[in-house]
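The structure appears below as structure tokens.
Computed from the coordinates by the stated procedures, all read-outs in this text should not be read as laboratory data. Note that the structure is predicted; figures quoted are calculated from it, not measured. All Cβ positions, even for glycine, are placed from backbone atoms using ideal geometry, and neighbour counts span all protein chains on display.
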Amino acid sequence: MRTRFESRTADGVLNGRRLARLNHILIPKTKTERDRFRTGRLGRALAPAIALWGSLTDEGRMVLVVTLVVGALSADPQRTSAYLVFSILVGLVVGSLAAARALRLERAAVRVSVPRRVTVGEEVTFTVTCHRDAGAEVAPIAIRVRGPFLTWDGSWTSPPPDELTVGPGGTASATMRARFVARGLHHLDPFTAARVAPLGLACGPRVASDGVKVHVVPRIANVARVPIALATKHQPGGVALASKAGESMDLLGVRPYRPGDAVRDLHARTWARTGKPAVREYQQEYFTRVGVVLDTSTRDPDQLEAAVELAAGVVAHLSRGEALIDVLVVGETVHDLTVGRSLGWLDQALELLAVAAPGPKLDARRLARRLEPQLALLSTVIAIVPSAPADSEQRRLERELRDRGLVCTTLVVDGELAAAIHRGETLAW
């Protein structure tokens, strides 16, 4: 059942991403593009209409749409009396907007808390908190919270929050949930809060929060086994913080006993002096250090997503073992990191993979030269490449690294493997 559920989820994310790409035509993709649109000629021309639409509540927007429809039907006042209804509706909308201008939310602040990262296709919860200072108006007031217009790949999955009632010195919170179907660093516009005018058709001037950032990281492929021969290299002085009790002749120091430590490593003198059990800690100087290379030169977006998810799965699988992932190459960018053996965090690698974009054609010799400073420490390299002929640059990279004395394993993401990754199947070589 779990495999089927994961398969349906993956297919939904994949299909949603394909449909969401059509929104590029109308919706700017990044914050920079949105800011450029706002300051451009078209953005400035549409600013009054956008401000009017933003000043209305959901009920007010519905009334405005009905007003426009009734106005079109009452174009000929000699044949219909619908213009009377049109006049009443216009009066309601204009009166609400005029009354709302005086309803300022004084001495209030809006804050948003959100997880730093979320997996693509999963829901993320935004907690919006509105706080009023103690010296504000005495009577409690009704406040309506509204979220920003989401990026092209995002959609709200929860209904708008109910009105909040906040008294002076009080705090009220509302939650909003959304889902993103494309990975990347998402910069969202501020969340806002405003007082509601009588009849609930318009809101007063809005108080905005700071901008919100969310790392939408790729799904982690279910990698159970990787076809590499793990070799160790001597690391003079060991690796900082990567230490363990026993299995070495190089004494690092003494630390408090933790459940599971070997009894043979107990240090009797420290125990007798402090009254608390302590163990000898040794520094290991032989490590398996791995470099992961992700080729992003493919122009097939689905194949690129599969390669990114496979890279995430490989890093996650290796980080659970005895290896250290020291280098992550995404396209032509070389990232120095240390993940595994209780060092670093997998999330660090996921955030780097989240922003992977289609890159230029891989240059094997240039990439090998850029990796020269790290090659002396690495034991093996895993190259994740799209399907390509044997004489391609990807294969040439494998030969370049092998000529430099490294064990290089190439994982080719062809159509069959990409489909298995999207279905969430267990991958073992």
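Once the Cβ-Cβ distance of R299 and M62 is raised to the sixth power relative to R0 = 60 Å, the FRET efficiency obtained is 0.85. Projected label points at R273 and K361, each 7 Å from Cα along the beta carbon direction, are separated by 6.6 nanometres. Cross-link partners of K213 among aspartates and glutamates, defined as those whose alpha carbon lies under 19 angstrom from its own and excluding same-chain residues fewer than eight positions apart: E33, D35, E122, E123, D153, D189, D347, E351.
A simple spin-label model places the labels of R116 and R44 4.1 nm from each other, with each point 7 Å out along Cα-to-Cβ. Structural descriptor for the range 72-157: relative contact order 20 percent, calculated from alpha carbon pairs under 8 angstrom and at least 6 residues apart.
Among I220, I384, I88, what is the fewest-to-most ranking by other Cβ atoms within 10 Å?
On the way: I220 20, I384 23, I88 12.
The most exposed by this proxy come first: I88, I220, I384.
Each label point was placed 7 Å from the Cα along the Cα-to-Cβ direction; for A376 and R264 their separation is 3.5 nm.
DSSP loop trypsin sites (Lys or Arg not before Pro) in the range 31-85 with at most 15 other Cβ atoms within 10 Å of their Cβ, which ones? Kindly include the intermediate steps, with their values, before the conclusion.
Details: sites: K31, R34, R36, R38, R41, R44, R61, R79; in loops: R79.
Here the sparse-neighbourhood loop sites are R79.
The alpha carbon centroids of the range 367-426 and the range 57-89 are separated by 65 Å. Residue order for L68, L42, L294, L97, fewest other beta carbons within 10 angstrom first, comes to L42, L68, L97, L294.
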